[in-house]
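Student: Quick one: the structure is below, and I'll ask about it shortly.
The values are calculated or read from the model by the stated rules, or taken from the named source; none is laboratory data. Predicted model only: the values in this text are computed from it and were never measured. FYI the Cβ positions are ideal-geometry reconstructions off the backbone, even for glycines, and counts take in every protein chain you see.
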Amino acid sequence: MLFGDIVKITPSSKVVGDMCMFLISRSVKPGDARSYLDALPPGTSFPESVIDMLQGGLGQPVGGWPEDVQKIILGKKKPFTNRPGERAEKVDLEKTREAVAKAIE
């Protein structure tokens, strides 16, 4: 609920679990998560998986991330608005194919 309407499959299920452990280790009850986040001081360290997901590392859900939660977790980091694959380094498949063929000879 905290992250909006996301598909909970690997790897997003891991992120949900990481955030859950973050909150549980601080004795935060499920119904208090939003108010707890609102009261955190700037610069609070969140699990890297949570930061990556809310920054757009896994893409964006329909309707986007809850902006208030995203802002708290990202702090000064800017979210990505494009698809994760668009940020990936380009790969020359033919060159890679040749290197693999040579390596297994």
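Student: When you go through (1) touching a Gly at 6+ places or on another chain (Cβ under 9 Å); (2) not in a loop (DSSP other than H, G, I, E, B) one by one for P79, which number turns out not to apply?
Tutor: Status for P79: all satisfied but (2).
Student: Can you pull out every residue in segment 46-72 that is touching a residue at least 40 places away in the same chain (Cβ under 8 Å), assigned to a loop (DSSP other than H, G, I, E, B) and either out of contact with any helix residue (DSSP H, G or I) (no Cβ under 7 Å at 6 or more places or on another chain) or under 15 Å from G17 (Cβ atoms) (or both)?
Tutor: L58, P61, V62, G63, G64, P66
Rundown of residues vs (1) surrounded by 10 or more Cβ atoms within 10 Å (Cβ to Cβ); (2) in contact with a Cys (Cβ under 7 Å, 6 or more places away or on another chain); (3) closer than 30 Å to D38 by Cα; (4) at pLDDT 90 or above, yes/no style:
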residue	(1), (2), (3), (4)
G59	yes, no, yes, no
V69	yes, no, yes, yes
P79	yes, no, yes, yes
P84	yes, no, yes, no
V91	no, no, no, yes
K95	no, no, no, yes
A99	yes, no, no, yes
I104	no, no, no, yes
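Student: What about S25, is it loosely packed, with under 10 Cβ neighbours inside 10 Å, under 20 Å from M1 (Cβ atoms) and among the polar types (S, T, N, Q)?
Tutor: Answer is yes for this residue.
Student: Now, a different point. Can you tell me which residue within segment 30-49, out of those that are under 14 Å from Q70 (Cα atoms) and aliphatic (A, V, I, L, M), is surrounded by the most Cβ atoms within 10 Å (Cβ to Cβ)?
Tutor: Of everything passing the filter in segment 30-49, L37 is surrounded by the most Cβ atoms within 10 Å (Cβ to Cβ).
Student: Continuing with this model, one more query. Name the pairs whose Cβ atoms lie under 7 Å apart, with the first residue in segment 1-29 and under 17 Å from W65 (Cβ atoms) and modelled with pLDDT of 95 or more, the second of a type in the set (D, E, K, R) and part of a loop (DSSP other than H, G, I, E, B), and 6 or more positions between them or separate chains?
Tutor: none
Student: Let me ask something else about it. Output the qualifying pairs, or none if there are none: Cβ atoms under 9 angstrom, residues six or more apart or on different chains, first residue in segment 76-105 and within 30 Å of G43 (Cβ to Cβ), second residue of a type in the set (F, W, Y).
Tutor: Final answer for the pair search is P79/W65; E86/F80; R87/F80.
Student: Let me ask something else. Can you tell me which residue among A39, A33 is without any contact (Cβ under 8 Å) to a residue 24 or more places away in the chain, among the small types (G, A, S) and over 28 Å from A88 (Cα atoms)?
Tutor: A39
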